[in-house]
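The values are calculated or read from the model by the stated rules, or taken from the named source; none is laboratory data. None of these values were measured; they are calculated from a predicted model. Don't worry about glycine lacking a Cβ; one is built from the backbone with ideal geometry, like all the others, and counts go over all protein chains shown.
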Amino acid sequence: MTLDAPNPSPNDTTRASAPGVDGLGCHAGRETMLAAAREAGAGETLARYAKDYPAGPHDQPQSMCPAFGSLRVGLRMRRTATVLSGSACCVYGLTFISHFYGARRSVGYVPFSSETLVTGKLFEDIRESVFQLADPEKYDVVVVINLCVPTASGVPLRLLPKEINGVRVIGIDVPGFGVPTHAEAKDVLAGAMLNYARKEAEQGPVQAPRTPRATEPTITLLGEMFPVDPIQIGGMLKPLGLAVGPVVPTREWRELYSALDCCAVAAIHPHYTASIREFQAAGRPVIGSAPVGVDGTAAWLDDVGKVCNIETAKVDATKAALLPAIRGALDGAPIRGRITLSGYEGSELIAARLLVESGADLRYVGTACPRTPWSERDREWLEAKGVRVHFRATLEDDVAAIDEYQPDLAIGTTPVVQAAKSRSIPGLYFTNLISARPLMGAAGAGSVAATLNAAIGNKARFEQMSEFFEGVGRGATSGIWPEAAKIPQSETAKREDGAC
Ligand code: SF4
């Protein structure tokens with residue numbers, strides 16, 4: 001292997017590697033992993049994560065491995081190489097799910113053994129792989145992600161060169177014991193990239209965007225959303241003399257500069273704490289909530305008008321032009337039934353607002369994400385409508401809500417839907433069926449009604465199925481026998497005789 005850069009201080013790598021952690025993983029327990037990581041020198045990063053992503057009642061992730069969020073952000077960006085450093089089983093799961101979601105590109109992996117982990121050789125192997133990958137013809141940036149074990153053993157990605165041959169290098173720790181959800185892990189990488197790009201922009205001229213910039217001042221959107229949503233938002237901003245800017249996480253490095261060069265940031269997903277810190281450091285005002293439904297759109301346009309100094313008359317005229325169409329779309333597609341909703345994407349509260357404005361009898365919203373200043377308006381609005389809002393909700397909280405409210409439809413994560421169906425209650429997956437649809441403006445109003453009403457109408461089929469399969473998969477039919485089968489004595493004697 002060719003290495004033409006100076007070696008980092010061996011003290012840094014060997015000091016940082018704590019022995020005895022290579023057998024640990026998400027099964028080891030948060031406190032054990034945290035203690036190991038602190039001892040190995042990752043205390044500062046973990047303290048920042050604890051502040052940015054305050055933990056909930058459960059000490060381990062209840063959804064997929066959180067690192068998937070960071071991995072996905074890197075894999076969706078052009079000219080970006082992503083390298084994982086972690087246990088082979090974790091990397092297998094992460095690459096599997098990446099390709100399941102259509103990554104269509106390689107995920108880099110630097111394997112380790114107990115010896116390379118403890119001696120600091122793993123860090124040198126990572127460093128070597130970064131040098132091999134850093135080809136400016138192919139990449140703008142190489143991202144290295146430390147999973148649980150390398151984070152707990154203090155593999156010091158901060159000592160990687162910041163740039164090699166013009167290719168940026170970003171190393172982040174994304175342990176399951178420090179970042180509670182994959183939604184927040186998206187923010188870990190997006191925030192690190194914004195930090196890097198902001199410092200570049202402060203140094204001097206940066207690369208222009210691929211497509212010409214809008215001539216109007218722009219609003220940057222924070223949080224992954226359905227592709228029609230930014231177009232809808234653009235239509236709402238046009239009469240205000242504004243345009244829609246990039247969506248963060250971006251699809252290309254140079255979009256980060258355009259994202260920073262905005263007049264305001266709309267935190268459509270309110271859990272992007274590290275990214276918001278970078279925008280605020282760049283002097284950009286941030287607004288919460290989103291233009292969903294009539295009330296949400298009206299309040300959001302007021303906020304945009306305020307932070308961008310648009311005359312009130314112009315904002316009022318825009319609302320007068322837009323809101324009747326949204327009202328009409330909502331009224332034209334009413335949702336009839338009692339619903340509970342939960343998820344781990346970060347868009348649960350805005351989706352819930354849309355359901356309430358569509359006439360649904362929504363009783364409960366659970367989100368695996370934490371409460372932040374940017375979700376306050378949605379929380380207040382939902383609670384005023386009698387909806388219980390639960391931040392950092394666990395699977396147990398979501399299932400308890402189903403039992404308490406006995407909904408006609410439970411929208412949630414896979415295990416929540418499974419729990420609902422086992423109770424003869426129709427269920428729909430939030431990620432695939434709600435968050436993968438437009439939510440904003442007139443396109444959002446009514447987009448989910450047909451699916452939800454059809455699911456609610458399936459109640460009788462679920463009851464029929466429950467009746468038909470009653471008892472299957474439980475007790476003696478579950479395939480698990482708590483004690484050895486009792487063979488009749490006559491049968492035992494026959495076997496001892498050698499008879500079949
Ligand atoms: S990296 Fe992910 S899968 Fe691996 S131990 Fe940590 S949380 Fe679990």
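Worth pointing out:
- Some residue of the range 454-462 being under 30 Å from Arg377 (Cα atoms) and modelled with pLDDT of 85 or more: yes
- Filtered by the rule that a residue be within 13 Å of the ligand (Cβ to nearest atom) and in a loop (DSSP other than H, G, I, E, B), the range 133-154 gives Leu147, Ser153.
- Within the range 36-55, considering residues that are within 15 Å of the ligand (Cβ to nearest atom) and under 12 Å from Glu184 (Cβ atoms), the one modelled with the lowest pLDDT: Ala55
- Restricting the range 91-109 to residues that are of a type outside the set (Val, Ile, Thr) and buried (at least 19 other Cβ atoms within 10 Å of the Cβ), the residue that is nearest to the ligand (Cβ to nearest atom): Leu94
- Candidates are the residues of the range 77-90 that are more than 8 Å from the ligand (Cβ to nearest atom) and crowded, with 19+ Cβ neighbours inside 10 Å; the one that is nearest to Thr116 (Cα to Cα) is Ser85.
- Some residue of the range 169-192 being among the polar types (S, T, N, Q) and modelled with pLDDT of 95 or more: no
This table checks each residue for (1) in contact (Cβ under 8 Å) with a residue 12 or more places away in the chain; (2) out of contact with any strand residue (DSSP E or B) (no Cβ under 6 Å at 6 or more places or on another chain); (3) assigned by TED's automatic domain parsing to the domain that holds Glu224.
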{"residue": "Thr80", "(1), (2), (3)": "yes, no, no"}
{"residue": "Gly86", "(1), (2), (3)": "yes, yes, no"}
{"residue": "Tyr92", "(1), (2), (3)": "no, yes, no"}
{"residue": "Phe96", "(1), (2), (3)": "no, yes, no"}
{"residue": "Arg104", "(1), (2), (3)": "no, yes, no"}
{"residue": "Val110", "(1), (2), (3)": "yes, no, no"}
{"residue": "Leu133", "(1), (2), (3)": "yes, no, no"}
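- Residues in the range 275-302 that are surrounded by fewer than 24 Cβ atoms within 10 Å (Cβ to Cβ) and in contact with a Gly (Cβ under 8 Å, 6 or more places away or on another chain): Arg277 only.
- Residues within the range 142-177 that are surrounded by fewer than 21 Cβ atoms within 10 Å (Cβ to Cβ) and among the hydroxyl-bearing types (Ser, Thr, Tyr), tallied: 0
- For the range 424-454, a residue qualifies if it is at negative phi and over 26 Å from the mean Cα position of the chain (by Cα), and the qualifying residues are Ile425, Ala450, Asn453, Ala454.
- Test set (1) in contact (Cβ under 8 Å) with a residue 12 or more places away in the chain; (2) away from the ligand (no atom under 16 Å from the Cβ); (3) not assigned by TED's automatic domain parsing to the domain that holds Ala35 - Lys199 fails condition number: (1)
- The set of residues in the range 398-416 being surrounded by fewer than 21 Cβ atoms within 10 Å (Cβ to Cβ) and in a helix (DSSP H, G or I) consists of Ala400, Asp403, Glu404, Tyr405, Thr414, Pro415.
- Subset of the range 163-196 [away from the ligand (no atom under 16 Å from the Cβ), of a type outside the set (A, V, I, L, M, F, W, C) and in contact (Cβ under 8 Å) with a residue 12 or more places away in the chain]: Asn165, Gly166, Arg168, Asp187, Gly191, Asn195, Tyr196
- Annotation note: of Arg168, Arg213, the sole residue that is part of a strand (DSSP E or B) and either among the basic types (Lys, Arg) or not assigned by TED's automatic domain parsing to the domain that holds Ala290 (or both) is Arg168.
- Taking the conditions (1) assigned by TED's automatic domain parsing to the domain that holds Pro270; (2) under 30 Å from Thr394 (Cα atoms); (3) in a helix (DSSP H, G or I) in turn, Val188 satisfies each one other than (1).
- Count of the range 207-225 residues, restricted to those that are modelled with pLDDT under 90 and either among the hydrophobic types (A, V, I, L, M, F, W, C) or under 30 Å from Met33 (Cα atoms) (or both), is 2.
- Any hit, the range 428-447, residues being surrounded by fewer than 21 Cβ atoms within 10 Å (Cβ to Cβ), polar (S, T, N, Q) and under 18 Å from Ala329 (Cβ atoms): yes
- Close pairs (6 angstrom Cβ cut-off, 6 or more residues apart or separate chains): without any contact (Cβ under 8 Å) to a residue 12 or more places away in the chain and assigned by TED's automatic domain parsing to the domain that holds Arg379 in the range 283-300, small (Gly, Ala, Ser) and assigned to a loop (DSSP other than H, G, I, E, B) anywhere: none
- Scanning the range 98-132 for residues that are among the hydrophobic types (A, V, I, L, M, F, W, C) and either at pLDDT 90 or above or under 21 Å from Gly154 (Cα atoms) (or both) gives Val107, Val110, Phe112, Leu117, Val118, Leu122, Phe123, Ile126, Val130, Phe131.
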